[in-house]
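Working notes for the structure below.
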Amino acid sequence: MAKVTPVPLFTTLDNLKHTDLGDYPDLFAFLNEGPNWRLQNWRWGQEFLLFVGRHKSSHTFTRFRSEIERFLLWLYLYKNQTLESLKRNDVLEYMDFIWQPPLNWISLVNVEKFQLVGGSYRANKAWAPFRMVVPKGSDLNKADKKKYRPSQQSIHAAFTALNALYKYLVDEEHIYGNPIQVAKKHCRLIHKDAQVKEVKRLTEQQWEYLLKTAHKMADEDHLYERNLFLIAAMKTLFLRISEFSERPDWSPHMGHFWQDHNQNWWLKVYGKGRKLRDITVPDGFIPYLKRYRTFRGLDALPVIRESEPIIEKIRGRGGMTSRQLTRLVQDVFDRAHQDLLAQAGTDEAQNFKQATTHWLRHTGASLEIERGRPLKDVSEDLGHASMAITDAVYIQSESQKRAASGKNRKV
């Protein structure tokens, strides 16, 4: 496979709305040095992504942007065909491409697509369309890009984004056929999954150690009050990191904590699928809310229509992005790993090295179910569409029955 250098195609949603290609000289040159259809197909991609940005979540926009960018780059630099000319076998060829992309198309870290240089947005040479995820704490210099393979989830995500793109283009009468669905039925890379899935979470003892670590950090340096409040909220309220983040269409503020006439506290969040939901806030969390608000110089408890961000930046104004919040959680994981490694060795500390922000949501829900809380109530706090989803993720009733019935088989 010949080595060709990819160029980032799409910027952030806000900039994409007002993109003047003259401000992006590398992108402008790339789109205009090829056949005329290259710019036209880019315009269709821009139009589709702006539609997604208006009607879907910021997470969906970011995910679709990555998929459409890769697809168009493959069309431009390898296939040399237009969007409207592709057939089923062409799509399957693309799936083989993303299964093992060129090594210079793979990065090990997230970087900005464009950099502001001399008044223009220049393509960042360190950017690549694919990212290889390596275990936290690993030496990046030892990572072998030849071992990169997309997960089943990534392959399904590619099909989902491309199908949405083609459906939009057909609806807008830009093109007259959609080869994606029929290609998916014949894709050899998609596996039927009947595996027993294990929830990635902390044990109760590990959670208590993590919380104790966050308390110690906050007691040593008040700047870590944010970290303590955040991890307590993530675990206790079953939050996704995005649900506390500042987004173009939602700003979490203290007024989203509210109390009903029976003195029950709730938190209103804007979650996955652009759905608003209210989460029960237990009495045990209120001291953490009071402590964090006192640190910020606020009254002990929120009031209706209070506009202060739930978690604010130390420098600057407003709330924090998902990436910034993730760093706060990671600080506590890193400290817990460091302390436990010194006290008990590698085996005991390993989970803190592997853990991600989403483990806190899984930990909180799992411990609540083990405590005996009704599954329906946990499911609604999680924001799941049905109890069946909660059961499949956290309890796996059928798998547990199968394990019990097969446990005493004789050799």
With unit charges on the beta carbons (Lys and Arg positive, Asp and Glu negative) and the dipole taken about the Cα centre of the stretch 204-403, which residue among Asn227, Met320, Leu301 sits farthest to the positive side? Met320
Using a 10 Å cut-off on Cβ atoms, rank the peptides 139-152, 354-367, 19-32, 201-214 from the highest mean neighbour count down. 354-367, 201-214, 19-32, 139-152
Starting from the 7 Å offset along Cα-to-Cβ, what nm value, one decimal, do you get for the label separation of Lys147 and Arg88? 3.7 nm
Which shape class applies to the stretch 204-403: rounded if a/c is under 1.5, otherwise prolate when a/b exceeds b/c and oblate if not, where a ≥ b ≥ c are the square roots of the Cα gyration tensor eigenvalues? oblate
In the neighborhood of Arg361, defined by Cβ-to-Cβ distances under 13 Å, what is the net charge if each Lys or Arg adds +1 and each Asp or Glu adds -1? +2
Pull out a ≥ b ≥ c, the square roots of the eigenvalues of the alpha-carbon gyration tensor of the stretch 291-411, then state rounded if a/c is under 1.5, prolate if not and a/b is larger than b/c, and oblate in the remaining case. oblate
Which of the listed residues, Trp105, Ile395, Tyr78, is farthest toward the dipole's positive end in the chain, when Lys, Arg count +1 and Asp, Glu count -1 at the beta-carbon? Tyr78
Find the relative contact order for the chain and round it to a whole percent, using C-alpha pairs within less than 8 Å whose residues are 6+ positions apart. 14 percent
Place the peptides 326-333, 237-244, 165-172, 270-277 in order of packing, highest mean first, counting for every residue the other Cβ atoms within 10 Å and averaging per peptide. 237-244, 326-333, 165-172, 270-277
By how many nm would the segment from Thr5 to Val134 lengthen if fully extended, with 0.36 nm per residue of separation less the alpha-carbon distance? 44.2 nm
What does the charge dipole of the chain about its Cα centre add up to, to the nearest 20 debye, if the Cβ of each Lys and Arg holds +1 and the Cβ of each Asp and Glu holds -1? 1140 debye
Extension reserve of the Leu50-Gln400 stretch, reckoned as 0.36 nm per residue once the Cα distance is removed: 121.5 nm
Give me the one-decimal nm value for the distance between modelled label points at Gln115 and Thr356, 7 Å along each residue's Cα-to-Cβ direction. 2.8 nm
With the dipole of the chain defined by +1 on each Lys or Arg Cβ and -1 on each Asp or Glu Cβ, the option from Ala218, Trp37, Phe48 whose Cα lies farthest towards the positive pole is Trp37
Checking the table Lys146/Lys185; Lys216/Lys407; Lys145/Lys268; Lys235/Lys313; Lys125/Lys353; Lys212/Lys272 against a 32 Å threshold on Cα-Cα, which pairs fail? Lys216/Lys407; Lys145/Lys268
Provide the gained length on full extension for the span Gln330 to Gln81, in nm with one decimal, where the gain is 0.36 nm per separating residue minus the Cα-Cα distance. 85.3 nm
Quick one: dipole size for the stretch 33-142, taken about the Cα centre, charges +1 on Lys/Arg Cβ and -1 on Asp/Glu Cβ, in debye to the nearest 20. 280 debye
To the nearest 10 degrees, how steeply does helix 58-74 sit against the main Cα axis of the chain, on a 0 to 90 scale? 30 degrees
Checked against the structure, the computed Rg/Rh (Cα atoms, Kirkwood Rh) among (i) 0.99; (ii) 1.04; (iii) 1.07 is the one labelled (i)
Kindly state, to the nearest 0.05, the FRET efficiency for Arg277 paired with Trp99, given R0 = 41 Å and r defined as their beta-carbon distance. 0.65
Work through the residues other than Asn80 whose Cβ is under 12 Å from its Cβ and net out their charges, Lys, Arg +1 and Asp, Glu -1. +1
Ordering of 74-83, 183-192 by packing [mean C-beta count within 10 Å, highest first]: 74-83, 183-192
Could I have the simple spin-label model distance between Ala157 and His191, label points 7 Å from Cα toward Cβ, reported in nm to one decimal? 1.8 nm
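All of the numbers you see were taken from the coordinates with simple rules; none came from a lab. Here the structure is a predicted model, which is why all the values come from computation and not from measurement. FYI the Cβ positions are ideal-geometry reconstructions off the backbone, even for glycines, and counts take in every protein chain you see.
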